[in-house]
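A short reminder: the numbers here are calculations on the coordinates, not readings from a lab. Everything numeric here is computed off the predicted structure, so don't read it as measured data. Note that each Cβ is placed from the backbone with ideal geometry, even for glycine, and that neighbours are counted across all protein chains shown.
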Amino acid sequence: MNWTKKDLLEIKDLTKDEILLILETAESFKEISLREIKKVPTLRGKTVITLFYEPSTRTRTSFEIAAKRLSADTINISASTSSFVKGETLKDTGKNLESMKPDVIIIRHSMPGAPHILARTLKSSIINAGDGAHEHPTQALLDLFTIKEKKGKIDGLKIVIIGDIMHSRVARSNIFALKQFDTEIVCCGPATMIPPYIEKLGIAVEYNINRAVKDADVVMMLRIQKERGRISYIPSIREYAILYGLKKAHLEKAKKDVIVMHPGPMNRGVEISDEVADGEYSVILDQVENGVAVRMAILYLLTGREQ
Amino acid sequence: MKILIKKGRVIDPKNNIDEILDVYINGNIIEKIGKNIKEKGVEDFVIDATDHIVAPGFIDVHVHLREPGYEYKETIKTGTMAAAKGGFTSVVCMANTEPVNDNRSITEFIIKKAKLEGSCRVFPCGAITKGLKGEELSEIGDMFDAGIVAISDDGKSVKHSGVLRKALEYSKIFGIPVISHCEDTDLSHGFINEGVASVLSGLDTVPSIAEEIIVQRDIMIAKYVNANIHLTHISTAGSVDIIAREKRNYKYITCDTCPHYFSLTEDATLKFDTNTKVNPPLRSKKDIEAIKEGLKNGIIDIIATDHAPHDLPSKDMEFNLAASGISGLETALALSLTLFHEGVLTLGELVKKFTVNPARLLKLPYGDLSEGNAADVIVFNPYIEWIVDKNTFLSKGKNTPFDGWKLKGKNLLTIVDGKIVYRDGLI
């Protein structure tokens with residue numbers, strides 16, 4: 001199949017075939033990063049802008065490296081340096097950027113649906129690098145890529161997502177992506193952080209971490225976003241770490257070959273213990289490595305789409 | 001001016017009329033209603049209303065005319081033109097203008113401006129509290145003397161129960177209702193209903209209980225002090241349940257809902273279209289069914305528009321930041337007629353919710369076609385199909401989620417106080 005979409009805004013938009021196409025394309029790009037000369041001319045002459053209204057290390061660097069390895073020109077704009085602080089609207093910022101003819105704009109924003117505003121307004125391809133609690137599609141795609149790489153499959157797996165499900169765009173995108181496959185998804189976290197009605201999506205909810213991880217193939221940990229005041233949803237970080245911090249003992253109940261994932265940045269000692277983060281089941285750094293390949297694939301597909 | 005409207009199906013719920021009749025308007029009053037009224041040859045207009053409905057002009061208990069202060073969103077002139085087009089001959093405008101209508105001078109300004117430029121009758125609603133702050137009572141008596149017909153802090157609930165109690169007690173002096181926007185802001189942090197749609201979009205939520213808790217609280221306080229409470233833009237199944245239960249033992253409760261609460265579900269928000277952002281938010285399918293049932297069984301007395309016009313920049317932005325509201329005056333009749341086409345309401349019941357019931361709530365001498373009454377009359381056809389085009393709105397607010405919808409039913413003629421203020425064909 002061929003790619004036809006202009007933008008990558010949400011996993012909800014994608015068919016299973018489109019997800020598989022991205023994963024397959026990423027496989028062929030992964031090798032480039034292992035070469036001595038880590039650059040191919042595929043996107044030469046293309047311009048990629050990252051427009052980040054929220055801080056980010058991993059995602060932004062990953063996108064920039066992906067674009068550069070494909071020979072695109074990259075420009076980074078962050079909220080503190082943009083006209084955002086002067087009161088320009090997102091739409092106007094987008095239109096102004098478009099006048100400079102970028103091919104792709106990668107946006108991160110604190111509000112759900114912000115990338116959609118650019119997508120509706122601009123001819124450039126828009127990639128959602130995280131919009132509030134809505135979606136973070138490239139994270140879910142690199143997570144699926146990692147699962148497939150480690151497990152050889154996605155179908156038939158039990159995936160447990162642990163943490164602040166309610167405010168997590170990573171959880172949402174992963175749920176939408178994993179639901180395209182024959183998977184068992186369990187969400188685990190404090191009841192205050194599980195969105196009501198989530199079970200209507202066919203997701204199991206389990207408040208007890210020991211029961212949740214039983215027979216799990218994949219355990220995905222989420223971060224408590226202290227900087228967004230999420231602390232008010234729990235009595236204390238201390239109690240959260242006791243009830244929901246992933247420790248080695250929990251993993252004994254999971255499948256023997258369980259993998260532990262985390263989108264980063266980790267709060268060590270809160271949602272994940274050192275022994276797990278650095279332990280034999282952890283694939284956290286593989287996720288970061290795969291992120292580059294998956295983002296190269298997405299940039300390649302969007303810019304080369306059939307029009 | 002003399003106008004003879006012939007052979008229309010006259011629906012006048014107050015007088016139990018529903019038959020083919022002629023209506024003779026002389027000057028500003030309805031002179032006669034009857035069969036085969038003879039032309040006298042002196043009429044300015046003789047209108048053939050065959051196949052159409054002739055009804056009392058509609059009364060909207062909840063609009064935002066935005067003047068003074070937000071004239072770039074709407075003015076009294078444009079808002080009442082939109083009202084007239086939609087079949088409304090009287091509107092009640094909410095107090096959240098700038099400055100707030102919490103004193104006589106603003107009330108007088110609105111009334112004077114409406115007399116000068118308005119296409120329909122305008123009845124201001126005064127603020128319950130100064131600056132809509134929920135703290136001190138406004139000078140309700142002075143505003144009543146100037147012409148307010150109700151009080152409301154619409155857009156907000158009066159947070160403190162003690163302040164609301166005083167407002168309900170004080171309103172009894174003047175016999176005007178307190179119109180309550182029901183929202184517990186301790187529970188509502190967001191922009192859309194808490195439901196499957198919010199799980200999907202990650203937008204912050206306004207759960208149904210945020211409305212229902214205040215519905216229950218406000219009724220309890222009103223009942224305790226024996227005052228009139230009107231609950232506006234009711235949107236949830238739970239609210240309908242509470243009101244149904246409470247109406248059985250207390251008669252001074254009324255409520256309204258708006259066309260969008262029985263026309264759209266929360267699913268409409270999934271594409272982040274800010275025209276679907278409204279407060280209270282669009283709810284679930286189950287809520288829509290309950291609202292329709294409430295309209296059918298009479299628990300919901302009134303259909304209001306909550307006409308909330310906005311300029312484009314206020315809507316053309318991130319969902320979280322965009323203004324709430326729908327420009328509703330020009331689609332209300334057709335959306336409500338869907339209830340008739342679906343068999344939820346008869347035409348008589350539907351007309352009642354737009355005329356007699358709001359007139360009774362506000363003690364207005366309108367909303368019926370009694371001979372000798374002021375001639376506020378509309379002619380509409382429930383079957384004409386048309387496509388909503390926001391660019392044809394007379395309102396400055398083009399913010400509608402119904403743009404492009406094919407609707408059935410159209411107002412064709414609006415007469416206010418004996419004067420034709422809107423017509424679409426017919427003459």
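For the protein assembly as shown, what does the helix formula give at 222 nm: sum of -39500 (n - 2.57) over DSSP H segments with n ≥ 4, over the residue count, nearest 500 deg cm²/dmol? Provide the component values of the computation, followed by the final result.
On the way: 24 runs with 237 residues, N = 734.
The helix-only estimate for the protein assembly as shown comes to -9500 deg cm²/dmol at 222 nm.
Roughly how crowded by other chains is peptide B:84-93, in terms of the mean Cβ count from those chains within 10 Å of each of its Cβ atoms? Don't skip to the answer; put the middle values down first.
Values: counts 0, 0, 0, 0, 0, 0, 0, 0, 0, 0.
The shielding value for this peptide is 0.
What's the extension gain from residue B:160 to residue B:223 if we count 0.36 nm per residue and subtract their Cα-Cα distance?
Details: separation 63, 0.36 × 63 = 22.68 nm, distance 1.68 nm.
Additional length available on full extension: 21.0 nm.
Would you grab the residues whose amide H sits under 5 Å from the one on residue B:123? Only those 5+ places off in sequence or on another chain, please, with H modelled 1.01 Å from N.
For residue B:123, the qualifying residues are B:91, B:92, B:93.
Do any trypsin sites (Lys or Arg not before Pro) in the stretch A:130-190 lie in a DSSP loop with no more than 14 other beta carbon atoms within 10 Å, and if so, which?
Values: sites: A:148, A:150, A:151, A:153, A:158, A:169, A:172, A:179; in loops: A:153, A:179.
Of the trypsin sites (Lys or Arg not before Pro), the ones in loops of the stretch A:130-190 whose Cβ has at most 14 other Cβ atoms within 10 Å are A:153.
Kindly state, to the nearest 0.05, the FRET efficiency for residue A:155 paired with residue B:312, given R0 = 56 Å and r defined as their beta-carbon distance. Numbers along the way, then the final one.
Numbers: r = 47 Å, r/R0 = 0.84.
Between residue A:155 and residue B:312 the formula returns 0.75.
If I stretch the segment between residue A:2 and residue A:95 completely, what's the gain in nm (0.36 nm per residue apart, minus their alpha carbon distance), one decimal?
Values: separation 93, 0.36 × 93 = 33.48 nm, distance 2.87 nm.
Result for the pair: 30.6 nm of gain on full extension.
If a helix is a whole DSSP H run, which ones in chain B reach 18 Å or further along their own axis (Cα) and hold a mean Kyte-Doolittle hydropathy of at least 1.0? Kindly include the intermediate steps, with their values, before the conclusion.
Working: long enough: B:104-117 (19 Å, -0.20); B:161-174 (21 Å, 0.13); B:208-225 (26 Å, 0.66).
Flagged H segments: there are none.
Which of B:85/B:363; B:2/B:296; A:12/B:315; A:38/A:95; B:77/B:156 have a Cα-Cα distance over 30 Å?
On the way: B:85/B:363 24 Å; B:2/B:296 37 Å; A:12/B:315 24 Å; A:38/A:95 33 Å; B:77/B:156 26 Å.
Over 30 Å apart, Cα to Cα: B:2/B:296; A:38/A:95.
Ranking request for peptides A:50-57, B:226-233: highest mean number of other beta-carbon atoms within 10 Å first, then the rest in descending order. Show your work: numbers first, answer last.
Numbers: A:50-57: 18.6, B:226-233: 22.4.
Put in order of decreasing packing, that is B:226-233, A:50-57.
For the stretch B:57-362, with the dipole built from +1 on Lys and Arg beta-carbon atoms and -1 on Asp and Glu ones, taken about the Cα centre, which of B:288, B:255, B:322 lies farthest toward the positive end?
Selected residue: B:255.
If you split all Cα-Cα distances of the stretch B:1-141 into 10 Å bins from zero, what percentages do you get per bin, shortest first?
12, 31, 25, 19, 11, 2, 0
Return the equivalent ellipsoid semi-axes of the stretch A:157-307 as a descending list in whole Å, where each equals the square root of 5 times an eigenvalue of the C-alpha gyration tensor.
Working: eigenvalues 129, 66, 57 Å².
Taking √(5λ) for each eigenvalue gives 25, 18, 17 Å, largest first.
Sort B:1, A:221, B:94 so the one with the fewest other Cβ atoms within 10 Å of its own Cβ comes first.
Details: B:1 14, A:221 26, B:94 30.
With the sparsest Cβ surroundings first, the list reads B:1, A:221, B:94.
Using the number of other C-beta atoms within 10 angstrom as an exposure proxy, rank B:21, A:201, B:65 with the fewest first. If you can, show how the numbers build up before the last one.
Working: B:21 23, A:201 16, B:65 31.
With the sparsest Cβ surroundings first, the list reads A:201, B:21, B:65.
Would you mind estimating how fast the protein assembly as shown diffuses translationally, via Stokes-Einstein at 10 °C and 1.306 mPa s with the Kirkwood radius over Cα pairs, in µm²/s? Before the final figure, lay out each step's value.
On the way: Rh = 28.3 Å.
Answer, rounded: 56 µm²/s.
At 0.890 mPa s and 25 °C, plugging the Kirkwood radius over alpha-carbon pairs of chain B into Stokes-Einstein gives what diffusion coefficient in µm²/s?
Values: Rh = 21.5 Å.
Answer from the Stokes-Einstein relation: 114 µm²/s.
How crowded by other chains is A:167-180, given as the mean number of beta carbons from other chains within 10 Å of each beta carbon? Numbers along the way, then the final one.
Values: counts 2, 1, 1, 0, 1, 4, 1, 0, 2, 1, 0, 0, 0, 0.
Averaged over the peptide's residues, the number is 1.
Whose amide H sits under 5 Å from the amide H of residue B:29, counting only residues 5 or more places off or on another chain, with H placed in the peptide plane?
B:375
Any idea how far the Cα center of the stretch B:334-392 sits from the one of the stretch A:178-210, in Å?
After rounding, the separation between the Cα centres reads 47 Å.
Calculate the spin-label point distance for residue B:32 paired with residue B:297, positioning each point 7 Å from the Cα along the beta-carbon direction, and give it in nanometres.
Output for this residue pair reads 4.6 nm.
For a quick check of your reading of the filter: which GluC sites (Glu not before Pro) in the stretch B:94-135 sit in a DSSP loop and have no more than 14 other Cβ atoms within 10 Å? Write out the running numbers ahead of the final one.
Details: sites: B:108, B:117, B:135; in loops: B:135.
Answer by residue number: B:135.
I'd like the FRET efficiency for residue B:289 and residue A:73, computed as 1/(1 + (r/R0)^6) with the beta carbon distance as r and R0 of 51 Å, rounded to 0.05.
Values: r = 55 Å, r/R0 = 1.08.
With a Förster radius of 51 Å, E is 0.40.
Over chain B, what is the mean sequence separation of C-alpha contacts under 8 Å (at least six apart), divided by residue count, expressed as relative contact order in percent?
On the way: 1091 pairs, mean separation 84.8, N = 427.
Value for chain B: 20 percent.
What is the pair-distance distribution P(r) of chain A, computed from all Cα-Cα distances in 10 Å bins starting at 0, with each bin given as a whole percent?
6, 28, 34, 23, 8, 0
Counting other Cβ atoms within 10 Å, which trypsin sites (Lys or Arg not before Pro) in the stretch B:318-410 have at most 16 and lie in a DSSP loop? Could the numbers behind the result be given before it?
On the way: sites: B:352, B:353, B:360, B:363, B:390, B:396, B:398, B:406, B:408, B:410; in loops: B:363, B:396, B:398.
Sparse-neighbourhood loop trypsin sites (Lys or Arg not before Pro): B:363.
Can you sort A:188, B:120 so the residue with the fewest Cβ neighbours within 10 Å comes first?
A:188, B:120
Using the crude model of +1 on Lys and Arg Cβ and -1 on Asp and Glu Cβ, and no other charge, please compute the dipole size for the protein assembly as shown relative to its Cα centre, in debye to 20. Don't skip to the end; give the middle numbers.
Values: 96 positive and 99 negative charges, 107 e Å.
With only Lys, Arg, Asp and Glu charged at Cβ, the dipole is about 520 debye.
Given the options B:367, B:41, B:126, which has the most mean-square fluctuation in a GNM of chain B, springs set between C-alpha atoms less than 10 angstrom apart?
B:41
PRE reach from residue B:363 (point 7 Å along Cα→Cβ): which of the stretch B:235-252 fall under 16 Å by backbone N?
Within reach of a label on residue B:363: B:252.
Per residue of B:198-210, what is the mean number of Cβ atoms on other protein chains within 10 angstrom of that residue's Cβ?
Working: counts 7, 13, 12, 10, 16, 6, 6, 4, 0, 1, 0, 0, 0.
Other-chain Cβ atoms within 10 Å of each residue's Cβ, averaged: 6.
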